[in-house]
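The values are calculated or read from the model by the stated rules, or taken from the named source; none is laboratory data. All values derive from a computational prediction rather than experimental measurement. Don't worry about glycine lacking a Cβ; one is built from the backbone with ideal geometry, like all the others, and counts go over all protein chains shown. Surface accessibility is based on the protein's heavy atoms, side chains included, excluding ligands, DNA and RNA. Shrake-Rupley method; radii C 1.70, N 1.55, O 1.52, S 1.80 Å.
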Amino acid sequence: MEIRQLRHFMAVVTEGSFTAAARRELIVQSALSTSVRNLERELGADLFDRTGRRVVLTEAGRALLPRARALLAGAEEARHAVADVAGLATGRVAIGTIQTLTCVDLPAELATFHRRFPGVQVSVRDAPVGELTEALRAGELDLAYLVPDAGDLPEGLTPYATWQEELVLITAPDHPLATAGRTLIRDLADEPFVDFRAGTGLETAVRRLAAHCGLERRITCDVTQIGLLVDLVRAGIGVAFVPRRIGERAGLPCVEIRQPEPGRTVVLAGRGPRPRNPAAAALAGHLTRRVTDAAPAAAGPPGGRRPPAG
């Protein structure tokens, strides 16, 4: 039994004849009659008494009538629901983020997106990179800000935009390096460090930097919250590498690192060339449009941003 057949059945009921019903449905009468006959054959009973000038419902037709109305109403509601989601009157999008994201003001961007699409519900998950990656690949997240460990995303994920974030060394206000302005990696060999727990985006970038420079850090404390890391550095337990904006917001001395200049790559990623979820596609477009609008003509210094190549 097809929705089209029920619609033709209801047209005959409403118009009182096959001729008028066919005119209403914009099809030839023979096609409409065949559609109704096929429905009767499927149900195993005549739905109309065709012996008089005006067709009337049989007992079987009267039994079908309320159910046909309900099914057609449900189909119409389904069409409206799909249209609302496609038109972003409603919908849901799930986005993941690393805790130390600073290249994007995500709360401000989501607020702007909400004003444009107030019917779309946004779910935000803050988690380590590995957990975000698996959730994205499993379809639990539509989008995620990641810091790839090896520089490349896992198979099946697509970069929609990338940012370069500058990392600086933060210290306690009374630390000897607090007024230095800049330092070299090799000069930090004797410094105690406060670090993020393994698996976080920041820890990944710092671990790669230290390995590249041959720096064996002495970790005095590792944490899972950026606020606690900042407080521990402020208290003098150790120094730490963080994105520059985190240090500036905390009001701590930000010491530039030379040879090499440390940084990390943050990627907004999803599955496939474009999210299939209309709400996710709209949010990805919103976030990447901001990147494209702000991107320099050529690759800039750490802290700059750019859309992905290719």
Quiz item: Fully extended, how many nm does the chain gain between residue 59 and residue 30 (0.36 nm per residue separation, minus their Cα-Cα distance)?
Solution: 8.0 nm
Exercise. Can you sort 204, 265 by 1.4 Å-probe accessible area, starting with the largest?
Key: 265, 204
Quiz item: How long is the gain from residue 81 to residue 105 if the chain were fully straight, where each residue apart is worth 0.36 nm and the alpha carbon distance is subtracted?
Solution: 5.4 nm
Exercise. Tabulate in residue order the Karplus-calculated ³J(HN,Hα) for region 72-77, using 6.51 cos²θ - 1.76 cosθ + 1.60 with θ = phi - 60°, rounded to whole Hz; enter x for Gly and Pro.
Key: 5, 5, x, 5, 5, 4
Practice problem: Could you state the angle between the C-alpha long axis of helix 278-294 and the longest principal axis of the C-alpha atoms of the chain, as a value from 0 to 90 degrees rounded to the nearest 10? | Solution: 40
Exercise. Over all alpha-carbon pairs in the chain, figure out the percentage whose distance exceeds 23 Å.
Key: 66
Self-check item: 67, 50, ranked by accessible area, largest first (probe 1.4 Å)
Solution: 67, 50
Quiz item: With every protein chain present, what accessible area does residue 71 have (1.4 Å probe, heavy atoms only), rounded to the nearest 10 Å²?
Solution: 80
Quiz item: What 222 nm value per residue comes from the helices of the chain, counting each DSSP H run with n ≥ 4 as -39,500 (n - 2.57) and dividing by all residues, nearest 500 deg cm²/dmol?
Solution: -13500 deg cm²/dmol
Quiz item: Length gain on complete extension for the stretch residue 23 to residue 197, per 0.36 nm per residue less the alpha carbon to alpha carbon distance?
Solution: 55.5 nm
Quiz item: Which whole-number percentage describes the relative contact order of region 11-54, with Cα contacts under 8 Å and a sequence gap of 6 or more?
Solution: 27
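How do 31-41, 2-12, 176-186, 118-128 rank on mean C-beta neighbours within 10 Å, highest first?
Highest mean packing first, the order is 2-12, 31-41, 118-128, 176-186.
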Practice problem: Give the relative contact order (percent, whole number) for region 199-290; include only Cα pairs under 8 Å separated by 6+ residues. | Solution: 19
Practice problem: Considering only protein heavy atoms, with the full assembly of protein chains and a 1.4 angstrom probe, order 203, 15, 25 by accessible area, largest first. | Solution: 15, 25, 203
Quiz item: Cα convex hull of region 56-214: how many Å³ per residue?
Solution: 178
Quiz item: In terms of modelled amide H atoms, which long-range or inter-chain residues lie less than 5 Å from the amide H of residue 141?
Solution: 136
Self-check item: Distance between modelled label sites at residue 135 and residue 222, nm, 7 Å Cα→Cβ extension
Solution: 2.1
Quiz item: If you wrap region 165-219's Cα atoms in a convex hull and average its projection over all directions, what's the area in nm²?
Solution: 4.1
Quiz prompt | For region 103-165 versus region 202-244, the gap between their alpha-carbon centres in whole angstrom | solution = 24
